[in-house]
Amino acid sequence: MQHRHCLISVLWACHIQGFHGIRHEAQEQTGLILHKFEENVNLTRGTCKTYVAPADYKVLDHDWRKGDPNLGGIEQMERLTDPNWHGKSTSGADVLFYSYGPAWTGTARPQVAAYKYNSETGEIDFWYARRECFEMCASSDEKCCRGADGFLSENNWPSWLSAPLAIKGTFGENSEISTKFGKLVLKKLMDPERWRVGTALKDGRLCFLDHVYACAKSLWGVDYVAKGKLESGVPCDIP
């Protein structure tokens, strides 16, 4: 299993404005005073000694009115990259990867950061998938989250506070994309048709990123494990 740690040189973008910024963004959108962040899982900082697959990740039944924390995930989040899942504005065939885990603990609502390829614009769209509005709102003005869980926020597009987490640029097939998890190549796979980003393994096969388990955050950044799948669907570790 390969483990990665955000470098101190990108600390500000990756941690202070990124994962910390999520709390401030939720606070901005809801007007609520959020509960103090607490570690809900015992972890050793600096390494991910544990990895929990999306389907096995236990998500608390979060009730912000009672001050309940959530553990940085949503039910059935593995559907995000399922090419057979299709929503009104989002399809699992276009979702490149998503991130979840204890490092996301403390957000006002259960959510995961998700990224999808927009073949019309060539851009990579970024949004917060939530249990009450799973797919990306069609536009920044659409109120697809209205009334969900009593929150005032009506949209799941990130605010400017989450800008450091976005992947900027326009891309086409075989484009190299720089991410915080390394350089990945955009590929269009067939049977079923889907867009994915991958990197070469030692044996030459491509391992396509599926999800990022963020296990802990500290003053030095965020520790994570990046997991992928071969074109055949067999699990693989992102090197």
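Please determine whether any residue of region 87-107 is at pLDDT below 80, open to solvent by less than 30 Å² (accessible area, probe 1.4 Å), touching a helix residue (DSSP H, G or I) at 6+ places or on another chain (Cβ under 9 Å) and of a type in the set (Gly, Ala, Ser). Looking for residues that are at pLDDT below 80, open to solvent by less than 30 Å² (accessible area, probe 1.4 Å), touching a helix residue (DSSP H, G or I) at 6+ places or on another chain (Cβ under 9 Å) and of a type in the set (Gly, Ala, Ser), one finds at least one in region 87-107, hence yes.
Conditions (1) touching an Asp or Glu at 6+ places or on another chain (Cβ under 9 Å); (2) closer than 15 Å to TYR115 by Cα; (3) modelled with pLDDT under 95; (4) surrounded by fewer than 15 Cβ atoms within 10 Å (Cβ to Cβ), marked per residue:
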residue	(1), (2), (3), (4)
ALA163	no, yes, yes, yes
GLU173	no, no, no, yes
LYS188	yes, no, no, yes
ARG205	yes, no, no, yes
LEU209	no, yes, no, no
CYS215	yes, no, yes, no
LEU219	no, no, yes, yes
ALA226	yes, yes, yes, no
LYS229	yes, no, no, no
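Could you check region 76-133 for strands (runs of 3 or more DSSP E) lying wholly inside it with 2 or more residues that are more than 13 Å from the chain's Cα centre (by Cα)? Before the answer, list the steps.
Numbers: elements: 95-100, 111-118, 123-130.
Hits in region 76-133: 111-118.
The values are calculated or read from the model by the stated rules, or taken from the named source; none is laboratory data. Here the structure is a predicted model, which means the values were calculated and not measured. Glycine also receives a Cβ, built like all others from the backbone with ideal geometry; neighbour counts cover every protein chain displayed. Note: accessible area is taken over every heavy atom of the protein model, side chains too, but ligands, DNA and RNA are not part of it. Shrake-Rupley method; radii C 1.70, N 1.55, O 1.52, S 1.80 Å.
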